[in-house]
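Any read-out appearing in this document is the output of simple, stated calculations on the displayed coordinates, not a laboratory observation. Computed from a predicted structure; not experimentally measured. Don't worry about glycine lacking a Cβ; one is built from the backbone with ideal geometry, like all the others, and counts go over all protein chains shown.
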Amino acid sequence: MRPDARPSHLARYFFVAYVVLVVFASLTPFSGWRDVGTSPFAFLTAPLPRYVTGFDVIANIVAYGPVGFLGALAVMPNLRGAAAWIAALLFGIALSFTMEALQLYLPDRIQSNVDLAANALGAALGATAAPAFARWLARHGGLYALRDEVFHGGRQADLGLVILGLWLFTQLNPETLLFGTGDLRDVFESLPAALHPAELFVRIEGAVAATNLIAVALLAGALVRSRAYRTNVLFAMLAGALAIRSAAFGVLIRPEDMFAWLTPGAIYGIAIGVALSLPGTFLSRRTAITLAGVLLMAATALVNVAPENPYLVHSLQVWQQGHFLNFNGLTRVVSTLWPFVALVYLLLAAGRRPGAPPGEPG
């Protein structure tokens, strides 16, 4: 069997994760549902919206490109060529149609046949690019060969890589502390604001960044096949997270605020996190997973008691979310849920070695 002849569970996991993100972005904030007494399908034959910007059209095309791309990869090699393209396109259209229909019942959302057309175009373009990418993978031994050189095989490791990808995605939320996830204060009634000395914030921010970085490094290290690659994966994850963080501040807030996240606490946290993560590359897989879970719980507790970030007060006050309102709502939801999803994964992964069939212990 050729390397590319096996279905890719990794592509399917990323596809499912991305579809969930699209649903969250389309229906956020999931509140205020009401029946307006009209058909949810009336937008199909409605006149074109009066206010349509090029940004909105491009954003919808870009948003649904991965739906078509990952959808086509997810059905390969069970479906090939035109069949894979059609399946991915039809799913993209069905997903967009469902989201537009449901938006009728949300007070802050507006149905749009232009959005549906742009989403369909994005899915078609993504599905068109998938076969070329699959052929490129085949020439390099397939996705499995490309990934298995560094990471363990099996669905468990694939799911772990998706969770790491979602952690990188959380860095797009400029409202959180560096690497900080699991802030539940928007969900539950928060404590009254209180004044704190700047030194306390620096310590807490440094602790949040360090504990989260170490936990993610341990989780990533548990997925790596050889200890020789663990340091490389650690620095690749760190570089990717900081690049995404900088891009988020530059694009979502203002270009001059690109490095506003680089506060004294963040610097200390990165330095301490890297210094303590390096010895963690020598831990056994089970020890690393256990320690990662403990650190994630500690980091989440710290995030929820952290005072307001004094370094970002001005930047966030002038932050005009505009076109990015739905996107920012999505990053906030993913950031809130991520540590709890990661903890569930760690609990399940602790009892099984990578590639072991269900029921077989690690």
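Before moving on, here are some points about what is shown:
- Legend: ranking of residues W167, W33, W338 from fewest to most surrounding C-beta atoms inside 10 Å; resulting order W33, W338, W167.
- Take every Cα pair under 8 Å whose residues are at least 6 apart in sequence, average their separation, divide by the length of region 3-148, and the relative contact order is 39 percent.
- Point-charge dipole on Cβ atoms (K/R +1, D/E -1) for region 3-148, about Cα centre, debye to 20: 420
- Order of D56, D257 under a 10 Å beta carbon neighbour criterion, fewest first: D56, D257
- In terms of its C-alpha gyration tensor, region 3-148 has a prolate overall shape, because the principal axis ratio a/c (a ≥ b ≥ c, square roots of the eigenvalues) is not below 1.5 and a/b outweighs b/c.
- For region 170-181, 3J(HN,Hα) computed residue by residue from phi via the Karplus equation (6.51, -1.76, 1.60; θ = phi - 60°) reads 5, 6, 7, 8, x, 7, 8, 5, 4, 6, x, 9 Hz, glycine and proline entered as x.
- Cα centroid separation, region 271-312 to region 19-72: 37 Å.
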